Amino acid sequence: MYREKQIFKDYILNNELKYTGQRDQILDSFLSIEKHITIEELYNLIKKKNPEISYATVYRTMKLLSECGIAKESKFHGGITRYEHAYDHGHHDHLVCIKCGSIKEFENDQIEVIQRKIAEENNFKVEDHKLEIYGICSRCQ
């Protein structure tokens with residue numbers, strides 16, 4: 001967590017913004033959660049500890065965390081934006097339940113090889129990619 005804090009502080013200072021206690025609290029809360037989370041869910045979690053915090057502060061801070069590479073923003077089924085840890089986390093894909101909204105991460109080397117091969121065959125330089133498989137999880141079946 002120390003490295004992420006330093007990256008965020010450097011990013012804030014390099015962009016001539018203020019590193020505030022609220023931003024620090026948002027970063028700590030986000031890093032303590034190991035799941036895909038919406039801004040509203042994070043806001044409600046932080047509000048229990050700090051009723052003074054505003055939704056807008058959480059929103060803006062999560063945007064900054066995305067910009068500096070600590071968080072990754074994704075839109076899943078229903079267009080809901082969720083955030084997950086990005087710094088020092090390897091590439092993975094997602095299984096998304098269309099009933100309960102649960103998201104399961106998975107990795108598969110064969111899929112990655114096929115994607116690279118397709119890109120090479122088409123003389124295409126991949127910058128980023130994502131695979132989301134939508135269906136019904138075992139709990140909802």
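The values are calculated or read from the model by the stated rules, or taken from the named source; none is laboratory data. No experiment lies behind these values; they were computed from the predicted model shown. In this analysis, Cβ positions are derived from the backbone assuming ideal geometry, glycine residues included, and neighbour counts consider all displayed protein chains.
Looking at (1) in the same structural domain as Ser29 (by TED's automatic domain parsing); (2) of a type in the set (Phe, Trp, Tyr); (3) more than 30 Å from Gln6 (Cα to Cα), which is the one condition that is false for Phe124?
(1)
Considering only region 64-76, state which residues are surrounded by 13 or more Cβ atoms within 10 Å (Cβ to Cβ) and touching a strand residue (DSSP E or B) at 6+ places or on another chain (Cβ under 8 Å).
Correct list: Leu65, Ser66, Ile70, Ala71, Lys72, Glu73, Ser74, Phe76.
For Ile111, are the conditions met, namely being of a type in the set (Val, Ile, Thr) and touching a strand residue (DSSP E or B) at 6+ places or on another chain (Cβ under 6 Å)?
no
Counting only residues that are surrounded by 12 or more Cβ atoms within 10 Å (Cβ to Cβ) and part of a loop (DSSP other than H, G, I, E, B), how many does region 1-50 have?
Within region 1-50, residues that are surrounded by 12 or more Cβ atoms within 10 Å (Cβ to Cβ) and part of a loop (DSSP other than H, G, I, E, B) number 8.
Please pick out the residue among Leu27, Leu17, Leu31 that is in contact with a Phe, Trp or Tyr (Cβ under 6 Å, 6 or more places away or on another chain) and among the aliphatic types (A, V, I, L, M).
On inspection, the qualifying residue turns out to be Leu27.
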